[in-house]
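For reference, the structure is listed below as structure tokens.
The values are calculated or read from the model by the stated rules, or taken from the named source; none is laboratory data. No experiment lies behind these values; they were computed from the predicted model shown. Here Cβ is always computed from backbone atoms with ideal geometry, including for glycine, and neighbour counts include all displayed protein chains.
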Amino acid sequence: MPASTLADRLARRALELVDIRSESRGEAELAAHVLGVLRDAGVPARDAGDTCVLAGTTARGDRPLVLLAGHLDTVPAQGNLPGRVEDGVVHGLGAADMKGAVAVMVELAIALAGRPTALDVGFVWFGREELPVSEGALTPLLAREPGLRTADLAIVMEPTANAIQLGCLGNLNATWTFHGRAGHSARPWLADNAIHRAAEGIGALARVPWTVHEVGGLEYREVVSVTTISGGIAQNVVPGEAVAHVNYRYPPGLAPDAAEARLRGWCEPYGTVEIVGHAPSGPVPEGNPLVDALAAAGAGPVEAKQAWTPVAEFGLAGVDAVNFGPGDPAFAHRADEQVEVGALVTAHEVLERLLCR
């Protein structure tokens with residue numbers, strides 16, 4: 001297929017998907033649309049329930065099985081609908097994260113239908129990825145579809161600008177409550193100012209340095225941040241309580257319970273910590289020849305993933321997984337979200353070379 005024709009098809013498909021609104025928990029229409037497009041094109045596909053769609057091979061046979069996986073949901077709109085294609089760029093909600101990648105998956109599934117491939121390939125679309133992992137649709141899908149857990153590699157098509165990004169950071173969220181004693185602001189010595197206590201604790205946490213960890217030859221940064229703070233009930237009342245939200249990102253290889261203990265060690269000398277969300281880190285695949293084959297097929301440089309992605313969910317299910325997708329992470333979740341059509345073409349061609357050798 002000439003590159004220009006492929007570019008046109010990918011641009012049209014990406015715009016079509018952008019214009020089907022699918023903020024988290026509202027993916028049903030898009031899931032039904034993707035399923036209908038695949039079936040109309042003769043692709044063996046099925047509704048796997050709970051806004052999940054499966055196509056192609058979904059259990060390992062005699063050949064290695066590669067899964068291409070992508071989420072259907074987006075963050076809330078920011079005045080960026082409907083989308084548009086302009087000067088070789090698709091603009092609109094989810095273009096980078098990750099409807100451009102979903103378009104690549106749909107077009108690749110259609111292109112490979114009935115065509116001999118060197119590897120077995122399955123396609124996995126799922127919802128609610130932009131919500132906390134406890135609310136996502138992928139982990140329950142992996143539990144009820146055991147065949148998916150036999151895959152040799154899952155390629156999660158998160159935005160990477162067509163680089164291969166290995167592993168992912170753990171994502172731990174906690175509330176940090178500082179306890180004082182309320183009183184009149186004219187007589188603060190009779191009270192205990194919780195916001196002042198918070199200032200002391202947050203100041204100490206701000207002095208925790210970013211730490212670089214090398215895993216599999218790649219560098220991951222361990223970071224901790226206070227992201228919100230609230231406290232006080234009136235201008236003339238010394239506050240008796242203040243609450244901060246803490247977000248902690250930790251590298252592959254650190255066990256979840258050890259990560260929680262580390263965060264508590266930083267915070268609990270100053271206040272009470274309650275873990276409110278925890279998505280473990282994703283492992284770095286070691287010695288998987290399909291990762292090398294993806295690089296040999298023309299994927300970009302191999303990098304560390306300085307974020308959390310569903311590779312962690314595949315890892316917990318025992319499946320090696322990498323991040324590779326056409327979106328530029330710099331445009332993810334922005335009001336001016338966009339993806340270059342040329343990047344869609346590159347992703348399609350790389351994956352086609354990998355699967356067809």
Can you list the strands (runs of 3 or more DSSP E) lying wholly within the stretch 97-172 that have 2 or more residues being modelled with pLDDT under 95? none
Name the residue that is surrounded by the most Cβ atoms within 10 Å (Cβ to Cβ), counting only residues in the stretch 20-43 that are in contact (Cβ under 8 Å) with a residue 60 or more places away in the chain and assigned to a loop (DSSP other than H, G, I, E, B). Glu27
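For the stretch 142-169, what are the residues that are in contact with a Phe, Trp or Tyr (Cβ under 6 Å, 6 or more places away or on another chain) and either of a type in the set (Phe, Trp, Tyr) or crowded, with 23+ Cβ neighbours inside 10 Å (or both)?
Ala154, Ile155, Thr160, Cys168, Leu169
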Scan the stretch 231-262 residue by residue and report those that are of a type in the set (A, V, I, L, M, F, W, C) and either assigned to a strand (DSSP E or B) or touching a Leu at 6+ places or on another chain (Cβ under 6 Å) (or both). Val237, Val238, Ala242, Val243, Ala244, Val246, Ala259
Failed criterion for Val85 (all others in (1) in a strand (DSSP E or B); (2) within 22 Å of the chain's Cα centre (by Cα) hold): (2)
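So, in the stretch 183-204, exactly how many residues are in a loop (DSSP other than H, G, I, E, B) and in contact with a strand residue (DSSP E or B) (Cβ under 6 Å, 6 or more places away or on another chain)? Let's see the steps before the verdict.
So the first thing to find is which residues in the stretch 183-204 are in a loop (DSSP other than H, G, I, E, B), and the list is 185-187, 191, 193.
Those still in the list that are in contact with a strand residue (DSSP E or B) (Cβ under 6 Å, 6 or more places away or on another chain) too: 185, 191, 193.
Residues flagged as in a loop (DSSP other than H, G, I, E, B) and in contact with a strand residue (DSSP E or B) (Cβ under 6 Å, 6 or more places away or on another chain) within the stretch 183-204 amount to 3.
Examine the stretch 209-224 for a residue that is among the basic types (Lys, Arg), touching a residue at least 24 places away in the same chain (Cβ under 8 Å) and buried (at least 16 other Cβ atoms within 10 Å of the Cβ), and state whether such a residue exists.
Taking every residue of the stretch 209-224 in turn, none turns out to be among the basic types (Lys, Arg), touching a residue at least 24 places away in the same chain (Cβ under 8 Å) and buried (at least 16 other Cβ atoms within 10 Å of the Cβ).
Pick out the one residue from Ala312, Ala321, Ala317, Ala304 that is at pLDDT 95 or above and farther than 14 Å from Leu166 by Cβ.
Details: Ala312 fails: farther than 14 Å from Leu166 by Cβ; Ala321 fails: farther than 14 Å from Leu166 by Cβ; Ala304 fails: farther than 14 Å from Leu166 by Cβ.
Going through Ala312, Ala321, Ala317, Ala304 in turn, the sole match is Ala317.
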